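Values quoted throughout were computed directly from the atomic coordinates according to the rules given, and no laboratory measurement underlies them. Values in this document were obtained by computation on a predicted structure and should not be read as measured data. We place every Cβ from the backbone using ideal geometry, glycine too, and count neighbours over all the protein chains shown.
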């Protein structure tokens, strides 16, 4: 049983179980209230699911890509909760959760039948007139999304060129695309992706946030010597 947290777009928290599926999910779509609502959403989600922290196996955290301010709130909350509960904190790429959901992974994870699938381009809002994108070819035999490119950051006007350069013009023309204006990460999908990875014995993501953009504030170099 996993607690899943993602703040790469809105703020989403879920409790999932490999056998029982989604036990609870709560989401706040406002992208400016991560820090205000994260604690309340975690408490509300656990209460709705009727789960004590001691019953969780782990916490999974969406590592982005996402804007720095919002993304770090969810990662910090997941790490802090996992530490307090004495559970591992497992990182996942947030775009992988979107692909997992859109390509039918949750149905397979809970015993459903496979459905027809096509290549998928996940595109999410990066703000500042840019988008994040990742390309997926299909779900593999274990129901996990196969990422063939990304995550990357690009201006919308350059997106087609970037996709064609990384995946070829056929992929660019045939792949279904998510709408960056409305695509959000479901913590339920993130959690079920984590359960599927664990069951398949596959590695989780690198434990590094995917900001993909240089910080606005940088540490200055060594101070000049004053004589």
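Below is a table of values for the structure above.
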quantity: Mean Cβ count within 10 Å, highest first, over the residues of peptides 17-29, 171-183; calculated: 17-29, 171-183
quantity: Radius of gyration and maximum dimension Dmax of segment 132-195, Cα, Å; calculated: 12.9, 37
quantity: Beta bridges by DSSP in segment 2-200, antiparallel share as percent, to the nearest 5; calculated: 70 percent
quantity: Residue order, fewest to most beta carbons within 10 Å, for 57, 9, 214; calculated: 214, 57, 9
quantity: Surface/4 estimate of mean projected area, convex hull on alpha-carbon atoms of the chain, nm²; calculated: 15.3 nm²
quantity: Residues in segment 174-191 that a label on residue 148 would reach, taking backbone N under 16 Å of a point 7 Å out along Cα→Cβ; calculated: 174-178
quantity: Inter-probe distance in nm under a simple model that places probes 7 Å from Cα toward Cβ, at residue 29 and residue 140; calculated: 3.5 nm
quantity: Inter-label distance, nm, simple model (7 Å from Cα along the C-beta direction), residue 129/residue 173; calculated: 3.1 nm
quantity: Over segment 29-92, relative contact order from alpha-carbon pairs under 8 Å, at least 6 apart, %; calculated: 39 percent
quantity: Evaluated over segment 53-155, the Cα radius of gyration and Dmax, each in Å; calculated: 15.4, 44
quantity: Two-site FRET efficiency, residue 19 against residue 182, from Cβ-Cβ distance with R₀ of 25 Å, rounded to 0.05; calculated: 0.20
quantity: Whole-number D in µm²/s for segment 11-61 (Stokes-Einstein; Kirkwood sum over Cα pairs; 25 °C, 0.890 mPa s); calculated: 214 µm²/s
